[in-house]
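What follows is calculated from the coordinates using simple rules that are stated; it is not laboratory data. Everything numeric in this text was worked out from a predicted model, so none of it was measured. Note: ideal-geometry Cβ built from the backbone for every residue, glycine included; neighbour counts use all protein chains shown.
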Amino acid sequence: MDSRLREVDAPAEPANGAAALATAKAEVEVTKPRNDRRGYRRVVLPNALECLLISDPDTDKAAASMNVSVGYFCDPDGMEGLAHFLEHMLFYASEKYPIEDSYSKYIAEHGGSTNAFTTSEHTNFYFDVNNDSLDDALDRFAQFFIKPLMSPDATLREIKAVDSENQKNLLSDPWRMSQLQKHLCSNNHPYHKFSTGNWDTLEVKPKEKGLDTRAELINFYDSHYSANLMQLVVYGKESLDNIQTLVESKFCDIKNVGRKHFSFAGHPCSSKDLQILVKAVPIKQGHTLRILWPITPNVRHYKEGPCKYVSHLIGHEGEGSLFYILKKLGWAMSLEAGEGDWSYEFSFFSVVIQLTDVGHEHMEDVVGLLFRYITLLQTSGTPKWIFDELLAICETGFHYRDKSPPSNYVVNISSNMQIFPPEDWLIASSVPSKFSPDAIQKVLNELTTENVRIFWESKLFEGHTDLTEPWYGTSYCVEAVPPSIMQKWVENAPNEDLHLPKPNIFIPTDLSLKNVEEKVFIFSQLCT
């Protein structure tokens with residue numbers, strides 16, 4: 001059965017005249033799971049706000065998500081965390097609903113939850129709520145983007161809330177290590193920035209420069225938050241026509257200031273940021289080894305999925321795989337491989353290994369075995385049967401997955417809308433459909449000793465470091481590891497039988513339901 005759905009589409013900007021007063025429509029096909037019975041409709045409002053409407057008569061919750069294509073990369077120099085701070089402020093009050101926190105209270109009182117997050121290039125706001133409360137919830141939600149109130153009192157209180165959030169993150173190893181990786185990149189690239197913000201960046205330093213944080217916040221909102229940079233998803237049990245009427249009545253007043261999409265060209269790593277070994281002291285016990293390479297973003301070839309293919313093999317756990325060998329040697333407890341911290345302009349491929357105490361003592365051998373396995377992949381060609389197996393696994397995961405909670409579903413789709421064409425909003429990059437040996441080989445060829453960054457985390461490095469990351473206070477030191485040194489690690493690593501996985505005969509290829517007619521015998525027993 002064809003899993004593509006006939007939908008409505010629209011140009012980015014409606015035509016002038018009478019047509020500009022109505023929601024623009026055309027046709028597009030959206031790929032959806034085979035067993036998905038929900039209705040989908042894409043519309044673009046006259047203000048160029050792009051929307052996806054989802055009708056699910058069986059849902060027990062309604063939900064919505066607004067993705068704004070503005071993130072911390074847009075923070076002004078010297079006001080780190082402003083985009084994240086704005087995310088917080090929009091929850092407080094609006095001209096239409098001036099009582100502070102009335103939106104959050106309404107959502108909570110009607111069986112729902114709400115939240116938001118800020119990343120490098122977008123900010124996402126979302127909620128879920130009881131079905132019969134969607135109308136009022138959307139009306140309150142829309143005011144975030146129409147006429148929010150940012151009172152001086154609320155501004156000061158929310159700076160304290162942002163600072164409190166940052167204080168919590170100071171004790172989180174994922175936050176600390178992520179910032180350390182960003183810190184050791186070019187300070188001319190926005191990836192280098194501190195994203196969260198704190199009391200110092202949002203209150204102390206602006207005052208020292210004679211800046212008013214609230215005025216800067218309002219200016220940031222007015223100049224960056226534009227309807228043409230937003231993507232909205234609304235999920236409810238009503239018909240698509242009724243949901244469309246709701247959306248048109250609530251969101252048409254969002255201003256379109258004609259802001260162009262932000263572009264951040266170039267890679268954050270310069271040559272001096274490569275061929276390094278960083279020893280860092282974490283908060284928690286344990287030993288973690290992170291090996292990273294800057295690579296060509298997979299999103300440019302998402303239908304070919306080269307990173308999926310490579311991560312499938314490097315992260316494999318079967319006989320002959322890297323993890324199989326490391327586990328057999330007693331050196332590793334887990335291994336993950338894949339693309340992370342990506343945008344359309346740059347990306348990193350990472351291998352993260354949780355080492356045992358013994359494995360920590362054999363770090364050089366672990367890295368040597370990793371590069372030996374990468375060399376095996378680089379020189380073994382790209383067998384199509386491996387791609388076909390991966391495709392079958394990914395297709396099964398996409399077409400037969402369980403329903404996500406509505407709030408998770410709308411967040412994922414609204415985030416996809418920023419990146420992928422409408423026909424791929426649901427499937428995104430989850431199913432590589434085109435076999436491209438060249439694209440796969442290109443990624444493999446980027447995983448070299450010349451291009452690598454190694455981050456080695458252990459409490460055992462305490463007292464043996466000489467540098468401190470400024471935002472989180474992580475202690476670390478940096479050593480140069482030229483290819484000649486890593487080649488010695490490869491040569492000195494134990495001679496283990498690394499090889500490609502064998503075909504998996506247990507991957508299902510036909511999950512269609514069958515109609516089986518059979519006689520049913522009913523037995524009755526007379527009780528006496």
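Only lysines eight or more places from LYS434 in sequence, or on another chain, were considered; those with a Cα closer than 17 Å are LYS303, LYS308, LYS384, LYS442. Computed from the alpha carbon atoms alone, the convex hull of region 279-348 holds 110 Å³ per residue. Take the Cα of VAL358, step 7 Å toward its Cβ, do the same at ASP101, and the gap between the two points is 5.4 nm. Estimated from the Cβ-Cβ distance and a Förster radius of 35 angstrom, the FRET efficiency linking LEU211 and GLU109 is about 0.35. For the cross-link pairs LYS193/LYS272; LYS160/LYS209; LYS96/LYS403; LYS105/LYS250; LYS168/LYS205, the ones whose C-alpha atoms lie over 30 Å apart are LYS96/LYS403. Overall size of region 271-492 from C-alpha positions, given as principal axis extents largest first: 53, 41, 33 Å. Phi-derived couplings, Karplus 6.51 cos²θ - 1.76 cosθ + 1.60 at θ = phi - 60°, listed residue by residue for region 384-396: 5, 5, 5, 4, 5, 5, 4, 4, 4, 5, 5, 5, 4 Hz, with x used for Gly and Pro.
Annotation: aspartates and glutamates with alpha-carbon distance below 13 angstrom to LYS237 (same-chain offsets under eight excluded): ASP56, ASP58, ASP60, ASP128, ASP132, ASP135. Here the spin labels are modelled as points 7 Å beyond Cα on the Cα-Cβ line, and at ASN504 and GLN441 they lie 2.6 nm apart. Distance between the C-alpha centres of region 339-353 and region 449-492: 19 Å, rounded to the whole angstrom. Between ASP200 and SER263, the contour length at 0.36 nm per residue exceeds the alpha carbon distance by 19.9 nm.
Exposed loop sites were defined as GluC sites (Glu not before Pro) in DSSP loop states (anything but H, G, I, E or B) carrying at most 13 other C-beta atoms within 10 Å; in the chain the longest segment without such a site runs 96-316.
Using amide H atoms built in the peptide plane, which far-off residues or other-chain residues are under 5 Å from SER321 H to H? Under 5 Å from the amide H of SER321 lie the amide H atoms of HIS499, each far enough along the sequence or on another chain.
Dipole magnitude for region 286-381: computed about the Cα centre from +1 point charges on Lys and Arg Cβ and -1 point charges on Asp and Glu Cβ, it is near 260 debye. A Förster radius of 35 Å, combined with the Cβ-Cβ distance separating ASN35 from LYS328, puts the computed FRET efficiency at roughly 0.30. Taking the convex hull of the alpha carbon positions in the chain and averaging its projected area over all directions gives 33.2 nm².
The Cα atoms of region 50-111 define a convex hull whose projected area, averaged across directions, is 6.4 nm². Here the 3J(HN,Hα) profile of region 199-215, calculated from phi with Karplus coefficients 6.51, -1.76 and 1.60 at θ = phi - 60°, is 4, 5, 7, 9, 10, 5, 5, x, 5, 4, 8, x, 9, 9, 4, 5, 5 Hz, Gly and Pro shown as x.
Put a dot 7 Å past the Cα of GLU479, heading toward its Cβ, do the same for HIS192, and the two dots end up 2.6 nm apart.
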